[in-house]
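In what follows, a single structure is set out as structure tokens and then discussed.
The values are calculated or read from the model by the stated rules, or taken from the named source; none is laboratory data. As the structure is a computational prediction, the values presented were derived from the model and not from experiment. Cβ: placed from backbone, ideal geometry, glycine included. Neighbour counts: every protein chain shown.
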Amino acid sequence: MTVDGKVTTRNFSPVDFTSREDKLHLFGQRALADAVLIGHSTLKRDNVRLGLPQGELRERRTKRRQTAYPIRVIVSNKGKIDNRLKIFQSDFSPIVIFSTKRMPRKYQQALQKVAALHLSDAQDVDLAAMLRTLRDKYKVRTVACEGGPLLFRGLLERGLIDQLNLTIAPYMFGGANAPTLTGLSKEFLPASVHCALIDMRVVGEECFLTYRIKHARRRSK
Ligand SMILES: NC(=O)c1ccc[n+]([C@@H]2O[C@H](COP(=O)([O-])OP(=O)(O)OC[C@H]3O[C@@H](n4cnc5c(N)ncnc54)[C@H](OP(=O)(O)O)[C@@H]3O)[C@@H](O)[C@H]2O)c1
């Protein structure tokens, strides 16, 4: 995020205001996880594949007895996910979509050819249930959530975040319509979330912070 707490511009343009070091840091975090999780808007806007570069990160995964790549998980309530997005053009790891029966049939037919669909009857995806399914059905123990803000806030409100990796980049954007880490909502979080700073690293003009989220309520049903 920027110095003034923004994670994108008011146009929600693809994010490219951090250094190469930060991108390597993102890959490093992604490479630790069994699954990488992304919200529909971020997927659509940034059109990412959610892969890993060749080399050490993947070799270390193999040594840890993980699959070569994390499985890729997309969250969407409405389910209108375009099957021409880049993520669907690469099959290096399974793609799992959590959505609802609101997903139009046309999209269901197209997406079930390229991803496993989990469609719930409820209006919205139950994020805790999603994590349970990932654990029980896909043997996922660690999830790296790459945002965006709406998804992050949803997980945070439900006490489902353990750790936050935050890079502060040397810019300020201003503007009430550019989202912060927790989105654009004017509502307060149900309770303030206490973060414990466990690591801080300065590289060039950026600051790499690692927080452990305190009081995270665990739902281990
Ligand atoms: N600076 C950074 O590190 C960073 C990181 C990530 C993203 N971003 C930026 O953030 C912007 C996108 O922000 P955003 O808040 O709109 O992103 P988002 O959280 O990726 O996407 C929101 C959409 O994802 C789905 N979604 C989110 N939470 C959900 C939940 N609890 N249950 C079911 N579906 C859920 C919904 O999809 P449907 O509408 O399909 O129902 C929702 O409209 C982009 O510009 C992106 O570049 C920045």
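The single condition among (1) modelled with pLDDT under 95; (2) under 22 Å from Leu150 (Cβ atoms); (3) more than 13 Å from the ligand (Cβ to nearest atom); (4) not acidic (Asp, Glu) that Arg45 does not satisfy is (3). Do we have any residue at all in region 81-90 that's within 16 Å of the ligand (Cβ to nearest atom) and closer than 16 Å to Met130 by Cα? No, region 81-90 contains no residue that is within 16 Å of the ligand (Cβ to nearest atom) and closer than 16 Å to Met130 by Cα. Among the residues here, Gly51 does not qualify as of a type in the set (Gly, Ala, Ser) and outside any loop (DSSP other than H, G, I, E, B).
Restricted to region 112-133, and to residues that are touching a strand residue (DSSP E or B) at 6+ places or on another chain (Cβ under 6 Å) and hydrophobic (A, V, I, L, M, F, W, C), which residue is farthest from the ligand (Cβ to nearest atom)? Going through the qualifying residues, I end up with Ala116.
For region 175-203, name all the residues that are of a type in the set (Gly, Ala, Ser) and exposed (fewer than 11 other Cβ atoms within 10 Å of the Cβ). Working first, answer last.
Initial filter on region 175-203 (of a type in the set (Gly, Ala, Ser)): 175-176, 178, 183, 185, 191-192, 196.
Listed by number, the residues that qualify are Ala176, Ala191, Ser192, Ala196.
Among the residues of region 64-78, not one is farther than 19 Å from Val125 by Cα and near the ligand (Cβ under 8 Å from one of its atoms).
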